[in-house]
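What follows draws every value from the coordinates through simple rules; no lab data is involved. Because the structure is a prediction, the values reported are computed rather than measured. Quick reminder, even Gly has a Cβ in these numbers, built from the backbone with ideal geometry, and neighbours come from all protein chains shown.
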Amino acid sequence: MTRSGEQLHRSARLRGTGGGDAAERDFDVVIVSDLMLPGGTTVSNVSEIRLLAASGKRVGLFHHPRRDYDPPRPINPKVQELVDGRDVAWVEPDAKVACDLLLMRFPPFASRLGGELPCIDAKRKLLVVNQTPLTHYDTEERGAEVWDVAGVHANLSEWIGDHEWIAAGPRVRDALLTHHAGAMRGVTLADWYWYPIIDTADLPTRPDRAASRPVRIGRHSRDDITKWPASADTLRSCYPADSAFEVHVLGGAVAPRRILGGLPANWTVHPFDALTPGQFLPGLDFFVYYPEPSMLEAFGMAPAEAMAAGVPTVLPPIFEPLFGEGALYAEPGRVRSLLLELADDPERYAQAQRRGPAVIRERFGCDAHRARFAAMGVAL
């Protein structure tokens, strides 16, 4: 068979148009993603699996790793432990399945699809775009390409046919429409957002107490250069190295050590996953999160978790359209004075503690996500 013939045969087989046989297994939702990732993608997948299973829905999981990882990593144990073979089951590469919703997350997985893929007959097909195609966007230089819009769309169209894209937040959608308008022609992009679930029940709340002295500020994230301010001056402004503060970091600090030439004496650093967010966050007085400004954060899971735990959260103003009154916003040069002002004003501090969980429940809680699933034909 010629190469073009092989492709046509493969396309017909994968879309289920070749024989019309009934599906071997039925699910309410099939989730397709790179299930070995350590960060926010896995947090989102795990939260949805739990919500669906708790609502009595059958969930199928198909693991499709990025093909550019060398060596490949094992499936994340947070996903693996949810698979019971009954309510949550693996979909094998040669399977034929049917579902109400095919939910794909993390576009880079589709940059290069594997040779053997399941045939998925889905009523609705949705790709959650939770990472921008480029590493960063600024006026002087385009970032490195993480995934190609046209390539991913073509690969998924060949595999599962017509499908819809939906951004994980406003900054991702804006990037697609502003910086990739040509490649987005032919892509159906939703005008609403598939936000991650932030389950406030999973996070212990910070005790209702005044700020400590010294003030305990902290943050958690992967130890990646894009998760920190680009300049040493900005980093020092956001995380002051003086005796009025303690700085607590969960996730490692190789990147800030490189930027600063060493870590200040008032820093305490924990490796990635050494503590859960629920163990780490209640001990903080403030959560301060300032990533590299040209890097378009798809959502902001770490600050959202801090708000959910009742930790007053200070962010750059670019996050305000996403989190609204749930956080406090300041340019880097204003962070230190804002922290001290709130620490010295118990009433404002208590208000900030209350606003965060309220906004997270309203915008990103389980009830809000049930409504998103209902809009896609899956009533929970």
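Odds and ends about this structure:
- Proximity of backbone amide H atoms, modeled 1.01 Å from N, is registered between His220 and Leu250 at under 5 Å, excluding neighbours fewer than 5 places apart on the same chain.
- Note on region 279-329 and region 175-234: Cα centroid distance 6 Å, given to the nearest whole angstrom.
- Sites excluded, GluC sites (Glu not before Pro) in DSSP loops with at most 13 other C-beta within 10 Å, longest stretch of the chain: 142-380
- Residues in region 226-233 carry Karplus couplings, in order, of 6, 8, 10, x, 6, 10, 5, 4 Hz; the curve used is 6.51 cos²θ - 1.76 cosθ + 1.60 with θ = phi - 60°, and Gly or Pro positions show x.
- Column: log10 I(q)/I(0), Debye, Cα scatterers of region 304-354, q = 0.19 Å⁻¹: -0.60
- Calculated [θ] (222 nm, deg cm²/dmol) that DSSP helices of n ≥ 4 give over the chain, each run adding -39,500 (n - 2.57): -9000 deg cm²/dmol
- Residue with peak Gaussian network fluctuation, the chain [Cα springs, cutoff 10 Å], from Ala168, Ala201, Ala253: Ala201
- Least to most buried among Met36, Met307 (fewest other Cβ within 10 Å first): Met36, Met307
- Close amide H contacts of Leu35 (hydrogens built in the peptide plane, cut-off under 5 Å, sequence separation of 5 or more or a different chain): His64.
- Dipole-positive endmost among Gly262, Ala154, Val91 within the chain (Cβ charges, Cα centre): Val91
- Using Cβ point charges alone (K and R +1, D and E -1), the dipole size of the chain about the Cα centre works out to roughly 200 debye.
- Global form of region 71-210, assessed from the alpha-carbon gyration tensor, a/c cut-off 1.5: oblate
- For region 78-125, the set of trypsin sites (Lys or Arg not before Pro) satisfying both a DSSP loop assignment and a count of at most 15 other C-beta atoms within 10 Å is given as Arg86, Arg112.
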